[in-house]
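Chemist: Before we start, here is the structure in question, set down as structure tokens.
The numbers here are math on the coordinates, done by the rules we state, and not lab data. None of these values were measured; they are calculated from a predicted model. Neighbour counts are summed over all protein chains in view; Cβ atoms, including those assigned to glycine, are modelled from backbone coordinates with ideal geometry.
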Amino acid sequence: MPVPTVTLPVSTGAPPARGAPHVSSREPTALLRPLAELSPAERAAWARLCERSAPPNPFWHPDLVEAAAGLLFDRERAALLVAVQGREWVGCLPIELVLRRPRCVVRALVHPYCFNATPLVAGARPAAVARALASALVELRPAAVWLPDLVDCRASRALLSGLLAQGDYQVVFERRWERSLLSRAVASSRPADRLARKLRAELRRRLRRLEEYSQGTVAAVLRSPDRATLQTILTLEASGWKGSAGSAIACDQRHVTFFTTVLRRFAARDALFLVTLEAAGRPVAFASALAAGGQLFGFKRGYDAELARFAPGRLLDLEFERLFLETRREQLVDSCCSVDNDAMAPLWPDRRAMRSLLLARRGLAGSAAQLAFSAVRCARRAADVRGQRRARPCPRPR
């Protein structure tokens, strides 16, 4: 079902095109733009906003969102809440309108490869921009709003306060957690020094064993997403439990298309950090990260399950830090690990506060949305369990 035409009192139409007279505005205005109707000028304004946003968020870059459209979500139900000042975009929150009677439910446009749903906010007054986005969201009069995986920062807090102040909403579900973060200052120290002595000794032993097994040296290599490299990392990711469970990227051609498109588009802007660990020239693990606003964000990683006894993934983590310091200018790396599985916590000491929120309108419509949300969560857990029991191994990538 397509995004409906919505008239917002705070704005009318798209931002002025290049060459149009500049219109100064003390307060940002907001508008709703269907993703399927964006013009080239609007897409360019969106990309420029991604470069200026604080906090940065590569998962809301058009290179990633548009690659997912039609593959991971329905493009016709996707839209952008946009805050505009003059002729430039200063705020953006991609959303999906799930239309139900009597009112719609709005959720951030997340999918399995989106690990950060914090709105894009730029300009000298980020709180005002976030409030403009909240105003536009309230004007849609949704029964509920689902905002998962928000960085607990000024922008997300202003968005929440705007929703609570301007609409008759209440927080009916909230989850807070922290995920590991690596700053350049911490990375400048030896990674092994942050590990327990016993673990350091164990990793040295496994490195020696891997060198003996492969009869060659073990080294980390920076890669570009050429055809051979893409096939290699898809094979590595599918070699373990994800391949057996049917949840690896290679198990679904739509996901393969999305993943390869994103890596190539980000690499074209020098916004991709892709590293493989190779034993005697054989890739045994990989890690990838996306760059935005002076930060790196973990994307996908994997290792050869046949060599799990040598801990190739953890060995690569140590080399990942070294190459980050030597080859990149970003100031920190967000692990983007899930709430239940932060694999980098033993190695990366810093933390980033995160939160997920469900807001529902007071009254029967909000109560119904809250019950539906709980039912969907339970159904997904049950489906995951059934899927793990019935999953078939995915085919080997070609």
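Chemist: What do you get for Rg/Rh over segment 29-167 if you use C-alpha atoms and the Kirkwood form of Rh?
Modeler: On the way: Rg = 13.6 Å, Rh = 14.7 Å.
With Rh from the inverse mean 1/r over Cα pairs, Rg/Rh is 0.92.
Chemist: Same structure again: Using the Cβ atoms and a cut-off under 13 Å, what net charge is assigned to the surroundings of ALA158, where Lys and Arg are +1 and Asp and Glu are -1?
Modeler: Values: positive: ARG125, ARG131, ARG154, ARG157; negative: ASP152.
With Lys, Arg at +1 and Asp, Glu at -1, the neighbours total +3.
Chemist: Another one. Rg and Dmax of segment 163-204, Cα atoms, in Å?
Modeler: 20.6, 58
Chemist: With just the Cα atoms defining each centre, how far is segment 185-234 from segment 316-357? Give it in Å.
Modeler: Their Cα centres are 16 Å away from one another.
Chemist: Just to confirm the filter: which chymotrypsin sites (Phe, Trp or Tyr not before Pro) across segment 68-166 are DSSP coil and have at most 13 other Cβ within 10 angstrom of their Cβ? Before the final figure, lay out the partial values.
Modeler: Working: sites: PHE73, TRP89, TYR113, PHE115, TRP146; in loops: TYR113, PHE115.
Sites meeting the loop and neighbour criteria: none at all.
Chemist: I've got another one for you. Each residue of segment 120-129 in turn: what ³J(HN,Hα) in whole Hz from Karplus with 6.51, -1.76, 1.60 and θ = phi - 60°, glycine and Pro shown as x?
Modeler: So the J values, rounded to whole Hz, are 6, 9, 9, x, 6, 10, x, 5, 5, 5.
Chemist: If each of ARG176 and SER39 carries a label point 7 Å out from its Cα toward its Cβ, how far apart are those two points in nm?
Modeler: Result for the modelled spin labels: 4.4 nm.
Chemist: Over the Cα atoms of segment 245-345, what radius of gyration and what Dmax do you get, in Å?
Modeler: Reported Rg and Dmax, both Å: 14.0, 37.
Chemist: DSSP loop GluC sites (Glu not before Pro) in segment 163-221 with at most 11 other Cβ atoms within 10 Å of their Cβ, which ones? The partial results should precede the final answer.
Modeler: Values: sites: GLU174, GLU178, GLU202, GLU211, GLU212; in loops: none.
Counting only loop positions with at most 11 other Cβ atoms within 10 Å, none of the GluC sites (Glu not before Pro) in segment 163-221 qualifies.
Chemist: In bins 10 Å wide, starting from 0, what share of all Cα pairs of segment 182-351 does each bin hold, as a percent?
Modeler: Spelled out bin by bin, segment 182-351 gives 10, 38, 39, 13, 0 percent.
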